[in-house]
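To start, the structure itself, in structure tokens.
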Amino acid sequence: GFSWWHPDPKLIKCMGDYRAAARTHYHEVCVSFWTQKVAIQEDCCKAIVRLDEDCSSAVFSRFNNPFFQLLLKEYCSNKGEGSSPAPPKATPAPPKA
């Protein structure tokens, strides 16, 4: 089990509306930190990108690494760009009569 999770009302508010979502998001952040490989799902990335300064300090203060937060935000902002839908295909012009 994941024993480092200590429910903090501020973390729950910042990482998701429901305790289960906040736990999942924070777990992904922790795994990324411990493994030094970012492994954040799209819904968690959305929560990370939306963090304001107050929430960022609450979420990332335990890691004692100022670059980790920047790494995750950069990863998540690029991930969001990569998942945008493709532009619509051009409609062929009707044949000339």
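Considering (1) closer than 23 Å to Asp17 by Cβ; (2) under 14 Å from the mean Cα position of the chain (by Cα); (3) modelled with pLDDT of 80 or more; (4) not hydroxyl-bearing (Ser, Thr, Tyr), the lone condition that Glu53 does not fulfil carries the number (2).
Matching residues to (1) on the phi < 0 side of the Ramachandran plot; (2) among the hydroxyl-bearing types (Ser, Thr, Tyr); (3) open to solvent by 80 Å² or more (accessible area, probe 1.4 Å); (4) touching a residue at least 40 places away in the same chain (Cβ under 8 Å):
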| residue | (1), (2), (3), (4) |
| --- | --- |
| Glu28 | yes, no, no, no |
| Gln36 | no, no, yes, no |
| Ala39 | yes, no, no, no |
| Cys44 | yes, no, no, no |
| Ala47 | yes, no, no, no |
| Glu53 | yes, no, yes, no |
| Phe63 | yes, no, no, no |
| Cys76 | yes, no, no, no |
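Out of curiosity, is Gly80 open to solvent by 60 Å² or more (accessible area, probe 1.4 Å), modelled with pLDDT under 75 and either among the small types (Gly, Ala, Ser) or outside any helix (DSSP H, G or I) (or both)? Answer is no for this residue.
In region 65-74, what count of residues is obtained for those that are open to solvent by less than 80 Å² (accessible area, probe 1.4 Å) and more than 11 Å from the chain's Cα centre (by Cα)?
Matching residues across region 65-74 total 2.
The values are calculated or read from the model by the stated rules, or taken from the named source; none is laboratory data. Values in this document were obtained by computation on a predicted structure and should not be read as measured data. Glycine also receives a Cβ, built like all others from the backbone with ideal geometry; neighbour counts cover every protein chain displayed. These accessible areas exclude ligands, DNA and RNA; they are computed on the full protein's heavy atoms, side chains included. Shrake-Rupley method; radii C 1.70, N 1.55, O 1.52, S 1.80 Å.
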